[in-house]
Amino acid sequence: PDVSHPMSSPTRTVEGLIAVYEASREAFGGRAALNLPGLNVRVSDMLDALEEVAGPKVRALVRFERDERIAGIVANWPSGASADRAARLGLHPHDNFADIIRQYIADCAALPNAAETLKGMS
């Protein structure tokens, strides 16, 4: 629950890629690589947001099951990131993880199989 990692919605990621592609050299500045903005969030915060948006029944579907192989991989992930150069291009992360979940729900609602994809959401 205490593992933290930068997260972004697909929408914000695509917006970032487009903005970087369209940026002038002057606006982009410096090296060719930059971090796109992400929200630094702990797993426990993700689960709190899931319960806020989708309800306690959906949250109750998630359980922790330690896998040493995966724990070793996750231990090497960055726990956070900053994206100052991306911010200068006008790119910003979501304000909170609940907004990322709401974006996912909105995207899924447009799919032909929306009812099945969002089954159980309150």
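Considering only residues that are under 11 Å from the mean Cα position of the chain (by Cα) and assigned to a helix (DSSP H, G or I), which ones fall in the range 1-15? Spell out how you get there, then give the answer.
Restricting attention to the range 1-15, the residues satisfying the condition of being under 11 Å from the mean Cα position of the chain (by Cα) are 5-13.
P10, T11, R12, T13, listed by residue number.
Pairs linking a residue in the range 73-84 that is over 11 Å from H5 (Cβ atoms) to a residue that is assigned to a loop (DSSP other than H, G, I, E, B) and open to solvent by less than 50 Å² (accessible area, probe 1.4 Å), with Cβ atoms under 6 Å and 6 or more positions apart or on different chains, are A83/P37.
Here the range 16-33 is the region considered, the condition is being modelled with pLDDT of 85 or more and open to solvent by less than 90 Å² (accessible area, probe 1.4 Å), and the residue that is nearest to the chain's Cα centre (by Cα) is G16. Of all the residues in the range 38-78, those that are at pLDDT below 90, of a type in the set (A, V, I, L, M, F, W, C) and within 22 Å of T13 (Cβ to Cβ) number 2.
When restricted to residues that are farther than 18 Å from M121 by Cα, touching a residue at least 60 places away in the same chain (Cβ under 8 Å) and either surrounded by 16 or more Cβ atoms within 10 Å (Cβ to Cβ) or β-branched (V, I, T) (or both), the range 34-65 contains 1.
The values are calculated or read from the model by the stated rules, or taken from the named source; none is laboratory data. Here the structure is a predicted model, which is why all the values come from computation and not from measurement. Ideal geometry is used to build each Cβ from the backbone, glycine not excepted, and the neighbour counts take in all protein chains shown. With ligands, DNA and RNA removed, areas are computed over all heavy atoms of the protein, side chains included. Shrake-Rupley method; radii C 1.70, N 1.55, O 1.52, S 1.80 Å.
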